[in-house]
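Here is the structure we will look at, set down as structure tokens.
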Amino acid sequence: MIRITIDENTVEIEEGATILDAAKRAGIRIPTLCHYEGIEPPVSCFVCVVKIEGRSGFVPSCSARAEHGIVVQSQTDEIRTRRRQALELLLSEHAGDCEAPCKRICPAGLDIPEMIRRMESGDIDGGMHTIKSSIPLPGVLGHICPAPCEKGCRRKKTDSAITIRELHKQAASADLNTAEPWRPSIQKSTGKKVAVIGAGPAGLSASYYLACKGHACTLFDKNPVAGGALAYEISESDLPRAVLKSEIAAIQSLGVRFVLDKEILSPQELLGTYDAVVLATGENSAEHFGLECDKHGVKVQSDTSMTVKAGVFACGAAVLPGKIAARSVGQGNKTADAVDRYLNIAETMRPAPKGFDCRMSKMSDEEFSQFTQSATRKSSIDVRGTDKMPAEIISELHRCYQCDCGKKEACALREYAHEYEAFQRRFDTGNRKIYSRREHASGLVYEPGKCITCGRCAGITASKNIAPGLTFFGRGSGVYVDAPFGHPMDLAMGDAFNECVKACPTGALWVRNTPHPNGRLRNGKA
Amino acid sequence: MNGNNSKETFDKSWLDETIAGTGRSADKVIPLLQAVQRQYNYLPGEALEYICSQTDITPASICGVSTFYSQFRHRPAGRHTVNICIGTACHVKGANLIYDALHRHLGCAGDDDTDPEGVFTLQKVSCLGCCSLAPAVQIDTFTYGHVTTSSAPGILKDFLRRQKNGEENGKNNASPSHVNQTNEIRISLDSCCAAGGNDKIDEAARSIVTKFNLPVHVKKVGCVGMCYQTPLMEIVQKDRESQFYVKIDPEDVGGIILKHFEPTGFFNRIHGAAYSFAETLLTSPSPKGTQQDRMERRINHKSVESFIGVQKYIASEHSGSIGPLDIEEYAKAGGFKALQLALCKYSPAQVIDMVVDSGLRGRGGAGFPTGVKWKLVHEATGQKTYVICNGDEGDPGAFMDRMLLESYPFRIIEGMIIAAYAVGASEGIFYIRAEYPFALARIREALDICRERGYIGSNVMGGPFSIDLRVVEGAGAFVCGEETALIKSIEGKRGMPDFKPPFPAQQGLWGQPTLVNNCETLANVAWIIRNGSSRFAATGTRGSAGTKVFSLAGKIRNTALIEIPMGMTIRQIIEDIGGGIAGDGKIKAVQIGGPSGGCIPARLCDTPVDYEQLLKHGAMMGSGGLVVLDETDCMVDIAKYFLTFTQDQSCGRCTFCRVGTHRMLNILDKICTGKGTRTDLQTLEDLATNIKETSLCGLGKTAPNPVLTTLKYFREEYEAHLRGECPAGKCKDLISYTIDDTCKGCTICSQICPVEAVAYTPYQRHTIDDSACTRCDTCRAGCPEDSIKIISRKKVEAR
């Protein structure tokens, strides 16, 4: 046994162990993108660098041996800087988007490709789950939203945009027609009380998400009917009242107390009774409250939605006038998050973590044409209507190119980029890799532009003696991973298929839920 | 690479035979690929699949390896390969313009490297090691030196003519001769001397000697070091001072030799006299062949004293006087005496102590104490111990290892055997890069001779010690000069360096203790054992004992290969040995250590050459390339040149080197095109520092040095580029060509311009259409009046 010190912790470990092993033993988390148990150390990513005191430079902890008596630093600022730079270098050539353009544009942040994937597989409940994670009023917005998302749709360049608004409208109506419409899961009661003033789209949305988080929520409105501008400014022909009513009823059913026909003039006073107050009073309402305002409306901290008065939040048109209900809905959601954090974390109000979203610069014409070919899922899918969804909706779902990353939730590169606050465009030399997707019969998708050549997949097939396996081609900045002699990659990975896909730390290797229709399932393995 | 697409077939029986002859184990992948490539000029996909089916080599391995090494091609090539050297010396003399000119002349489409008829394939190579002939171009085995943009098309024609005539070049087999005569005509036939014209001199000398039965032996010797004087021969006569004849033509040879040696026999004497007379008559009208000219070209030892006198030959002992493959001559000059001493008189530990005491440090670049390394290997435990001679000299602008291997094969072998004895190794490998075919052939031949004589094999010199030595040919990867990558390459893998420790001394080839030493390091060993460690330690400086071989190239009068005692200043090297700067330029900087080294500015030229002093200034000994730069060299361009090289040679393993050097290059590109910003400069410096501190291996750790040193010493030049100006007039996007009023209207420029950017206006001052001009420099080089000038592009735009 030898003894080393990491960040002032003394660790005992077997001789021959690496610094990374020792850190694990001590419960110290060191990030790595290439290290993988059971294969020859790739020593590629250099995200795991640490500093050994008294020695020059930085060493990869996955390979540097723990030598008796060494003192290791693993979390200092200069180490964080090196790690961030390694991530920024990897991102500088990363060809791919974390999120789809439609999602980025949607003011409510609806994960549209995910909604489509779920609906496509016949999972209406799943689709509603995705929708209602961002939009508690999908039927309402299905009628009135100007659908900026559709302007960002890549399909537009080929023929016409996916009718996204129509899809969530149809999903919502299909859901309402079922015997048991979808209900969100409600967290355990927190015992905290929140007052929301204004039952327009922002207030309804905030109430919905606050209720989901287990807070006792009271929604005040000066008018006798809930809905704000939705109920009073939009005509019946544009928005059937039945739709609005049923979605408001769904919010009510979560336990939100509606206090209508009651105007609140001093939200601060409510703070005696409520733990937090959310102002969602709409346009030109700000001056009533005696809170600091700017030229648009109530002044709030952009990252927390909190006004100058602690515990008082504001969202929607009260902060920034506008006619897009989806934006108010999105802000209601964001504000509910902020209130939740405020109520849970007593000490300081931390800004909401901003998710990392790798953005690929514009696709070239060649890239686009390859992309549309690989993403077109038309030919052999059997488009038949069901009792839940008509055939035309299903074929519309199939038109989606699925522009988001197949591994956006499980991508370690994204996770670390977020953790280390990497700036994607630090080395913006316009020199990213070419974006392409290669589809396989098994549903495997290989996106070489997202590969960081960590070597895990090739290492796994080599360690398991799988023929033909995967290998590196080329060298230097031109190095890439592929199967030898043009073999299909899924077959080349043989029995290590699932392990390789799972081990891939980015979206370079992933498997479609529904196999690509241009091929067949491979021996039942996927 | 897609094997399914290639339609070509291959000869199965030939491949079966080749496989049977080479072996079927997984480590044979590189030799097999080399055989296929030699046969087909590229690697047909089906042949590779067939190899996998017949051997232990896996498809993953053959694809990975064949795309890693730049020697291998996956698409069919033209019948002849044109290698355009872009080594440092060639780069500063416009190698890229030569490439462009040939590309244009052959009509290769776009990025294609082969002409439409499939006759020639163009290829940039990192260094042919013929820096004295810069810019150099090699077509198959013929090497052309001092190529210009206008002469470039001509060499293709000349090559085809030679082909048609069935001439063969490059077959300079230096067969040993055992004739023992005091009279000698010494002609060096190392690869660059042969290419520089010595092959023709040798041919002429032999025919004269045979024809007149002269009492003299024409002897092929190793490198003399005076590259700038080739073609060159030395005449040694009994009891007389020897004479050097330099820059001679083959037709001069007869006359020169007959002046020194009398034909034997009456008829021959008459004939010889008549020949001399006729030669004089025939050649005197030509300005090249006049007697006076010949006299000028004869130099004696006194006049070369300044060149040779300050040098000290240890690694290159008996420079230019012994036949490389003449083992008896080598033995007579003290060869194998050290081996005998080591084997009979000293224990391995004593030999190691001697090397430790001598202060010898690794000549490959990093300068690790050689004796200490030997000790580590000696003490390591394993089933078997290996020694490896690192002959993968890939630095552009460096060719001393090639010279040592070609000129002193026995000395390196002797050093290798002594090293093997000291560390207890039973197998040794010469790893030599494929770009050095002569060095490979010489070492192979020398090993055969040594085996015959009992210097290698079992029971060396009759004692109990046994050693087996063999040659492994590299396949074109600079990074394989790094010892762990080199070992991977021998094992038949992609040459990716490993994290150290474990060091090869503990776990090297096949996981066993392995000693890796550079050629020059091994070339010093025998001298140390023979002359004692204290004598070696007394040479050079306190921390850097002994000598260092340098290749001296660039904008210098005497391009040469030299060996100097450590501690000599850079200025002494340039002025005393190099004869100062060529032409009337001013020295600006000296690039030392190639892509791992740095640029030392003229004001620091009094820096003594030793490991620590060079490091202090941000440069590095490297393997010993020394390229002199003058005011016409753009330092940003030089930094970009080296980074282009290292970036291309990165193995691609670690993020900092693989992506980092690429991003640095992108930023330098931006700067060289005048689009750089102050932020870019900051990002460049930050990134360079991080790459240096964080990369996995020596390549990555040193790759930023050329950028960091130029940023340190020539920052104002970077800043000029930010303003859109290239002070040296090198960066194409920042310059324009203009014709001044000294123009006589001779129309040459108009005729030679490849893109018709100069209007045909006889007897009038020509003008260049700036928008059509490609800055190929052809007009400026061809103008008889020096009327074409390079000016800042900004000035043209301002007009």
inquiry  = Of the residues B:Ile62, B:Ile57, only one is part of a loop (DSSP other than H, G, I, E, B), within 14 Å of another protein chain (Cβ to nearest Cβ) and in contact with a helix residue (DSSP H, G or I) (Cβ under 7 Å, 6 or more places away or on another chain); which?
reply    = B:Ile57
key: Qualifying positions in region A:463-497 - surrounded by fewer than 24 Cβ atoms within 10 Å (Cβ to Cβ), in a helix (DSSP H, G or I) and facing another protein chain (nearest Cβ under 7 Å)   = A:Gly476, A:Ser477, A:Phe485, A:Gly486
query = Looking at B:Asp637, is it assigned to a loop (DSSP other than H, G, I, E, B), away from every other protein chain (no Cβ under 14 Å) and within 17 Å of B:Lys555 (Cα to Cα)?
reply = no
task = Mind counting the residues in region B:461-478 that are among the hydrophobic types (A, V, I, L, M, F, W, C), over 17 Å from B:Ala439 (Cβ atoms) and modelled with pLDDT of 95 or more?
result = 2
inquiry  = Given the condition touching a helix residue (DSSP H, G or I) at 6+ places or on another chain (Cβ under 9 Å), closer than 29 Å to B:Ala639 by Cβ and open to solvent by less than 30 Å² (accessible area, probe 1.4 Å), answer yes or no: does some residue in region B:736-755 qualify?
reply    = yes
Region B:640-682, residues that are within 11 Å of another protein chain (Cβ to nearest Cβ), in a helix (DSSP H, G or I) and of a type in the set (Lys, Arg) = B:Arg658, B:Arg663, B:Lys670
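Could you tell me which of the residues A:Leu291, A:Leu244 is open to solvent by less than 50 Å² (accessible area, probe 1.4 Å), in a helix (DSSP H, G or I) and either modelled with pLDDT under 90 or of a type outside the set (D, E, K, R) (or both)?
Details: A:Leu291 fails: in a helix (DSSP H, G or I).
Step by step, each of A:Leu291, A:Leu244 is checked, and only A:Leu244 is open to solvent by less than 50 Å² (accessible area, probe 1.4 Å), in a helix (DSSP H, G or I) and either modelled with pLDDT under 90 or of a type outside the set (D, E, K, R) (or both).
For region A:138-192, name all the residues that are aliphatic (A, V, I, L, M) and open to solvent by 70 Å² or more (accessible area, probe 1.4 Å).
Filtering region A:138-192 for residues aliphatic (A, V, I, L, M) gives A:140-141, A:144, A:147, A:161-162, A:164, A:167, A:171-172, A:174, A:176, A:179, A:186.
Selection gives A:Leu176, A:Ala179, A:Ile186.
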note = How many residues of region A:1-45 are touching a helix residue (DSSP H, G or I) at 6+ places or on another chain (Cβ under 9 Å), free of Cβ contacts under 8 Å to residues at least 60 places away in the same chain and charged (D, E, K, R)? The answer is 3
request  = Return the pairs, sorted by first residue and then second, in which the second residue is assigned to a helix (DSSP H, G or I) and open to solvent by 10 Å² or more (accessible area, probe 1.4 Å), the first residue lies in region B:697-719 and is without any contact (Cβ under 8 Å) to a residue 24 or more places away in the chain, the beta carbons are less than 7 Å apart, and the residues are 6+ apart or on different chains.
outcome  = B:Lys701/B:Lys692
ask   = Are any of the residues in region A:432-454 in a helix (DSSP H, G or I) and either within 12 Å of another protein chain (Cβ to nearest Cβ) or in contact with a strand residue (DSSP E or B) (Cβ under 7 Å, 6 or more places away or on another chain) (or both)?
value = yes
message = Which count do you get for residues in region B:693-732 that are in contact with a Lys or Arg (Cβ under 7 Å, 6 or more places away or on another chain) and closer than 13 Å to B:Gly674 by Cα?
response = 4
key: Test: residue in region B:78-94 that is in a loop (DSSP other than H, G, I, E, B), open to solvent by less than 20 Å² (accessible area, probe 1.4 Å), within 14 Å of chain A (Cβ to nearest Cβ) and within 25 Å of B:Gln647 (Cβ to Cβ)   = no
inquiry  = Regarding region B:21-37, can at least one residue be identified that is within 12 Å of chain A (Cβ to nearest Cβ), open to solvent by 20 Å² or more (accessible area, probe 1.4 Å) and among the polar types (S, T, N, Q)?
reply    = no
task = Return a yes/no flag: does region A:57-73 have any residue that is within 13 Å of chain B (Cβ to nearest Cβ) and of a type in the set (D, E, K, R).
result = yes
inquiry  = Against the definition (open to solvent by 10 Å² or more (accessible area, probe 1.4 Å), more than 21 Å from B:Gly323 (Cβ to Cβ) and without any contact (Cβ under 8 Å) to a residue 60 or more places away in the chain), how does B:Gly462 come out, yes or no?
reply    = yes
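For every residue, the table says whether it meets (1) more than 23 Å from A:Gly459 (Cα to Cα); (2) modelled with pLDDT of 95 or more; (3) hydrophobic (A, V, I, L, M, F, W, C); (4) within 23 Å of the chain's Cα centre (by Cα).
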residue	(1), (2), (3), (4)
A:Lys24	no, yes, no, no
A:Leu33	no, yes, yes, yes
A:Cys48	no, yes, yes, no
A:Ile79	yes, yes, yes, no
A:Ile112	yes, yes, yes, yes
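Can you find even one residue in region B:613-632 that is free of Cβ contacts under 8 Å to residues at least 60 places away in the same chain and open to solvent by less than 10 Å² (accessible area, probe 1.4 Å)? Don't jump to the end; show me each part of the working.
Here is the first cut: in region B:613-632, the ones free of Cβ contacts under 8 Å to residues at least 60 places away in the same chain are B:613-616.
Next, only the ones that are open to solvent by less than 10 Å² (accessible area, probe 1.4 Å) stay: B:614.
Yes, because at least one residue in region B:613-632 is free of Cβ contacts under 8 Å to residues at least 60 places away in the same chain and open to solvent by less than 10 Å² (accessible area, probe 1.4 Å).
Kindly indicate the residue of region B:683-735 that is within 14 Å of chain A (Cβ to nearest Cβ) and polar (S, T, N, Q) and also farthest from B:His91 (Cα to Cα) among those meeting that condition. Write out each step before concluding.
Here is the first cut: in region B:683-735, the residues within 14 Å of chain A (Cβ to nearest Cβ) are B:683-704.
From what's left, polar (S, T, N, Q): B:683, B:689-690, B:694-695, B:702.
Values: B:Thr683: 27, B:Thr689: 26, B:Asn690: 28, B:Thr694: 30, B:Ser695: 27, B:Thr702: 20 Å.
Of everything passing the filter in region B:683-735, B:Thr694 is farthest from B:His91 (Cα to Cα).
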ask   = Inside region B:746-785, can you point out the residues that are in a loop (DSSP other than H, G, I, E, B), farther than 18 Å from B:Leu97 by Cβ and among the polar types (S, T, N, Q)?
value = B:Thr747, B:Thr761, B:Gln764, B:Thr767, B:Ser771
key: Residue satisfying all of: in region A:84-107; hydrophobic (A, V, I, L, M, F, W, C) and open to solvent by 10 Å² or more (accessible area, probe 1.4 Å); farthest from the other protein chains (Cβ to nearest Cβ) among these   = A:Cys106
note = Considering residues that are assigned to a loop (DSSP other than H, G, I, E, B), under 22 Å from B:Cys131 (Cβ atoms) and open to solvent by 10 Å² or more (accessible area, probe 1.4 Å), the number found within region B:183-222 is 0
task = Show the residue pairs that are 6+ apart or on different chains and have beta-carbon atoms under 6 Å apart, the first residue being within region B:522-548 and surrounded by fewer than 16 Cβ atoms within 10 Å (Cβ to Cβ), the second being not in a loop (DSSP other than H, G, I, E, B).
result = B:Gly543/B:Glu612
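Across region B:225-241, what is the total count of residues that are open to solvent by 20 Å² or more (accessible area, probe 1.4 Å) and either closer than 17 Å to B:Leu405 by Cβ or assigned to a loop (DSSP other than H, G, I, E, B) (or both)? Break it down into steps so the answer makes sense when it comes.
Of all residues in region B:225-241, those open to solvent by 20 Å² or more (accessible area, probe 1.4 Å) come to B:228-231, B:236-241.
Those left that are additionally either closer than 17 Å to B:Leu405 by Cβ or assigned to a loop (DSSP other than H, G, I, E, B) (or both): B:230-231, B:237-241.
The total comes to 7.
With farther than 21 Å from B:Glu393 by Cα, away from chain A (no Cβ under 14 Å) and touching a residue at least 60 places away in the same chain (Cβ under 8 Å) as the only criterion, which of B:Asp610, B:Asp606, B:Asp576, B:Asp584 stands out? Quick ask: steps written out before the conclusion?
Details: B:Asp610 fails: farther than 21 Å from B:Glu393 by Cα; B:Asp606 fails: touching a residue at least 60 places away in the same chain (Cβ under 8 Å); B:Asp584 fails: touching a residue at least 60 places away in the same chain (Cβ under 8 Å).
Answer to the selection: B:Asp576.
Can you say whether A:Glu37 is touching a strand residue (DSSP E or B) at 6+ places or on another chain (Cβ under 8 Å) and either surrounded by 18 or more Cβ atoms within 10 Å (Cβ to Cβ) or part of a loop (DSSP other than H, G, I, E, B) (or both), as far as the supplied structure shows?
Working: touching a strand residue (DSSP E or B) at 6+ places or on another chain (Cβ under 8 Å): no; either surrounded by 18 or more Cβ atoms within 10 Å (Cβ to Cβ) or part of a loop (DSSP other than H, G, I, E, B) (or both): yes.
So A:Glu37 does not fit the description; no.
The values are calculated or read from the model by the stated rules, or taken from the named source; none is laboratory data. Bear in mind that the values here come from a model prediction, so they are computed numbers and not experimental data. A quick note on method: Cβ atoms are made from the backbone with ideal geometry, for glycine too, and the neighbour counts reach across all protein chains shown. Side chains included, ligands, DNA and RNA excluded: accessible areas come from the protein's heavy atoms. Shrake-Rupley method; radii C 1.70, N 1.55, O 1.52, S 1.80 Å.
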